[in-house]
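Bear in mind these aren't lab numbers, they're just calculated from the coordinates by the rules spelled out. None of these values were measured; they are calculated from a predicted model. We place every Cβ from the backbone using ideal geometry, glycine too, and count neighbours over all the protein chains shown.
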Amino acid sequence: MFDRLLGRFSHDIGIDLGTANTLVYVRGRGIVINEPSVVAINTKTNQVLAIGDEAKKMVGRTPSSIVATRPLVDGVVSDFEVTEQMLRYFVDKVHPQKWNLLARPRVVVGIPSGVTEVEKRAVEDAATNAGARQTFLIEEPMAAAIGSRLPIQDPAGSMIVDIGGGTTEVAVISLGGIVASRSIRIAGDELSEDIIQYARDEFNLTIGERTAEQIKVTVGAAHQLEKNKTMPMRGRDLVTGLPKEVQVSNEQIRKALAKSVREIVEAVKITIEETPPELVADILERGIVLAGGGALLKGLDVLLAQQTKMPVHIADDPLTAVARGTGLVLEDIDTLKDILVPTQFK
């Protein structure tokens, strides 16, 4: 009763705590924050200088005393204190400090399905210390499936492939539970790294993370495209040390990404192999749903359809699927509490 009363005053929030971006859903308002998971720190004073969009602008452009860092690596907390400060910043943005004393928010956080108990504890503690009244954890593929409006509680199979910044989560869901799943630490960041490595190997060119990301979004492809696209790749020549520009095509970038894309496809195929035949029949009828930023890689849906012999659909607004899923759980947490990750730390 008291908790329900507090709920009237608090802005309960759902958080997609991603390696690349953090999205915050506020109950009754929708997604209100979508900012990079980047924190800029002064190493001399240990002072946090900027978080989110402002910190992202500093990546690759800071003096030696300032480090723009990501506190999450491969979807899990690598720097607890910085993650806590980043979460506090986002919580305070939607839940002013003056109200926190009266009614701190309940928070639902999405986590990769393959995390350890210690990693779960780190996320839960970080959210609680950042100002949460109660912290609930939900596996990202489950949140993505809910956000994609898949009928997860039906006695039938639904398959979701959530390709984020640090991890790719593949899951077959039926009756509100995950029947078969796979979590690999190959996703958007690894694809960007492939482009950086390709530039170095092919052109003796060193490029930054932001440049690689831009190339991946503009001409990156997982499957051969009908029209050839090119764009300039700018960086520093490894031989002369001087600025250098080369033109790259989507076919060149496709070859650069091929190994990582193949591993993502393999993870999907292995998950299908581990799925009971009745559920495979359901997926064959309904299709595989792609979510996360990686779902936007050109031709990935076509390649997956060819490799799995199943229809593949891209979720509506795949970038926000996990955040929307955490929000839908918040809206009806009593009904959906069984799908949350059980935790021994309460």
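Given DSSP loops and a limit of at most 16 other Cβ atoms within 10 Å, what is the longest stretch of the chain that contains no such GluC sites (Glu not before Pro)?
On the way: sites that count: 226, 274.
It works out to 1-225.
Given the options 127, 50, 144, state which has the largest fluctuation in a GNM of the chain using a 10 Å cut-off (strictly under) for Cα springs.
50
Using a Gaussian network model on the chain with a 10 Å cutoff between Cα atoms, which of 306, 247, 134 fluctuates the most?
Per the Cα network of the chain with a 10 Å cutoff, 247 tops the list.
Region 188-256: D in µm²/s via Stokes-Einstein (Kirkwood Rh, Cα pairs, 20 °C, 1.002 mPa s)? Spell out each step's value before the answer.
Details: Rh = 11.9 Å.
The estimated diffusion coefficient comes to 180 µm²/s.
With contacts defined as alpha carbon pairs under 8 Å and 6 or more residues apart, what's the relative contact order of the chain in percent?
Working: 733 pairs, mean separation 64.4, N = 346.
The normalised contact order for the chain reaches 19 percent.
Considering only the chain, what is the antiparallel percent among its DSSP beta bridges, to the nearest 5?
Roughly 70 percent of the beta bridges in the chain run antiparallel, per DSSP.
Given Cβ point charges of +1 (Lys, Arg) and -1 (Asp, Glu) and nothing else, what value in debye, to the nearest 20, does the dipole of the chain about its Cα centre take?
Numbers: 39 positive and 46 negative charges, 210 e Å.
Around 1020 debye, computed over the chain.
For region 188-256, what is the relative contact order in percent, using Cα pairs closer than 8 Å and at least 6 residues apart in sequence?
Working: 97 pairs, mean separation 22.5, N = 69.
That works out to 33 percent.
For region 19-38 and region 205-220, what is the centre-to-centre distance using only Cα atoms, to the nearest Å?
Their Cα centres are 24 Å away from one another.
At 7 Å along the Cα-to-beta-carbon direction for both residue 42 and residue 229, put a label point, then send me their distance in nm to one decimal.
Using points 7 Å along Cα→Cβ, the separation is 4.2 nm.
Pop the C-beta distance of residue 209 and residue 334 into the FRET formula with R0 = 35 Å and round what comes out to the nearest 0.05.
Working: r = 42 Å, r/R0 = 1.21.
It comes to 0.25.
Using the structure shown, list the pairs from 229/269; 259/298; 57/259; 227/255; 216/255; 120/269 with a Cα-Cα distance above 24 Å, or answer none.
Working: 229/269 30 Å; 259/298 16 Å; 57/259 30 Å; 227/255 16 Å; 216/255 12 Å; 120/269 27 Å.
From 229/269; 259/298; 57/259; 227/255; 216/255; 120/269, over 24 Å: 229/269; 57/259; 120/269.
Say each of residue 202 and residue 154 gets a label point 7 Å from the Cα, pointing the same way as Cα to Cβ; how far apart are those two points in nm?
4.3 nm
Hey, can you list the DSSP H helices of the chain whose Cα span along the axis is 24 Å or longer and whose average Kyte-Doolittle score is at least 1.0? All intermediate terms of the calculation are to be shown ahead of the outcome.
Numbers: long enough: 250-273 (32 Å, -0.14).
Taking the DSSP H segments of the chain (at least 24 Å long, mean hydropathy at least 1.0), we get none.
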